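See below for the structure under consideration.
Every read-out reported here was derived from the displayed coordinates using simple, explicitly stated rules and does not represent laboratory data. Here the structure is a predicted model, which is why all the values come from computation and not from measurement. Glycine gets a Cβ as well: all are built from the backbone with ideal geometry, and neighbour counts include every protein chain shown.
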Amino acid sequence: MALMAAMLLKLLVVFCWLSTGIDASGRGFQPALRAPGPGPSLRSNSTHAHGPNKRFASFEPGSNNNLWPGRTITFSTENLKDVINAATQLRRAQALWTANGLPDDFQVEYISRTECEKRRSTCLMVKYVSKGGFSSNVGMPPVDSKGDSDYKGPVMTLLTEDAEGRRALNDNPSGDKLNVVIAHELGHAWGLIHEHANPVYWKRLYHNDERWDGNAFWSPNFVCTNIPGYSAAKGRAQKLIDAPGSKFKTLSAEDICVNWGLAKAADFAASDFLPGRTKIWADRIDKAQAQEEDVDWDSIMMYSTFHLGPNNGVLYKPFQEDTIPERTKPSQRDIAGLIALYEAGYKREARGPLHNEQDSAELSEFRKLTCG
Ligand SMILES: [Zn+2]
């Protein structure tokens, strides 16, 4: 029994415990939000919200990851037998976004595997696995110009019908949880990172970026020790810290709950919660001390409190020990964020140097698969 429980927890770590139900409201009920102006002015205006608030987090357009041309994710499947399943699932997930106000030119489009291989760096390959979890690259990470990487192009990993993590979604009585999970992955694929991983919201200790010292997330409402595998991960972290020439030598093993890089290196799931990226593009980015009310608690890109299972509450709302409920649909700020990201991405005049040409540490970060 204990073994089964442990196995189940392990599965829950990696699969995306999100939400239930499809929102039935059509676009007429919630009209699409108007896109804000181009990047720089959006950033400088971002602390003065007028009309619908713009709250979202993504990579900086043009500085690292790429956006999908024409807002259209072109995809294929690794196996021919999965084509119908993948096309059905991605289109249903896209429809959930559209039903909540995303313009319908944000599309997913199937192309043949041969076509996809020809232009692999700009085609999403959908893979089905029976173990592990749902995941997706964020946007289209660039391929290493030196060609010394296994990464060939963006990937979305989905679970097969018989996978353990899928069964929990299927058994859910109150709605189409699977579709919400895939819609979350589609949010990543279009370019959104996790709402809770926006460094603006975290105390400075968690990112060491002098621009921000937020109050929304820190140890009282980030119960990191509830993440399964905490003790074993501390052991792995200590070995990394003690290794000769370690880049973590100033840290302690407990810092797996504070330092994204150490958590990632120790293969600890806190890295899915901590603010790993500081080169981001988001609203509130100018706000030195973001508060609870600055966070988009309704974002489909945010983990619910029990993302890792009913006995493993990790992330709560601040100060009140309030739980973060499971998602059912993208929020209005998710929608506004995607529109803004693509508006800014196409309006930018000059493209900065790509990180893949200069900074491989950054590159691997931008390429990382993002669970949930
Ligand atoms: Zn995710």
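Observations on the structure shown:
- Checking each residue in region 288-316 for being among the charged types (D, E, K, R) and crowded, with 17+ Cβ neighbours inside 10 Å picks out Glu292, Asp294, Asp296, Asp298.
- Any hit, region 145-154, residues being surrounded by 20 or more Cβ atoms within 10 Å (Cβ to Cβ), under 13 Å from Glu185 (Cβ atoms) and within 16 Å of the ligand (Cβ to nearest atom): yes
- Ala93 in contact (Cβ under 8 Å) with a residue 40 or more places away in the chain, surrounded by 13 or more Cβ atoms within 10 Å (Cβ to Cβ) and over 20 Å from Thr160 (Cα atoms): no
- Residue count for region 127-142, restricted to those that are assigned to a loop (DSSP other than H, G, I, E, B), of a type in the set (Gly, Ala, Ser), more than 19 Å from Tyr342 (Cα to Cα) and within 16 Å of the ligand (Cβ to nearest atom): 2
- Which numbered condition Tyr303 misses (of (1) assigned to a loop (DSSP other than H, G, I, E, B); (2) touching a Pro at 6+ places or on another chain (Cβ under 9 Å); (3) not acidic (Asp, Glu)): (2)
- Flag if Glu326 is without any contact (Cβ under 8 Å) to a residue 24 or more places away in the chain, among the acidic types (Asp, Glu) and surrounded by fewer than 24 Cβ atoms within 10 Å (Cβ to Cβ): no
- Hey, Thr157 of a type in the set (S, T, N, Q), buried (at least 18 other Cβ atoms within 10 Å of the Cβ) and at negative phi or not: yes
- When residues of region 190-209 are limited to those that are farther than 20 Å from His307 by Cα and of a type in the set (A, V, I, L, M, F, W, C), the one farthest from the ligand (Cβ to nearest atom): Leu205
- Residue in region 111-126 that is touching a Cys at 6+ places or on another chain (Cβ under 7 Å), of a type in the set (A, V, I, L, M, F, W, C) and within 16 Å of the ligand (Cβ to nearest atom) present: no
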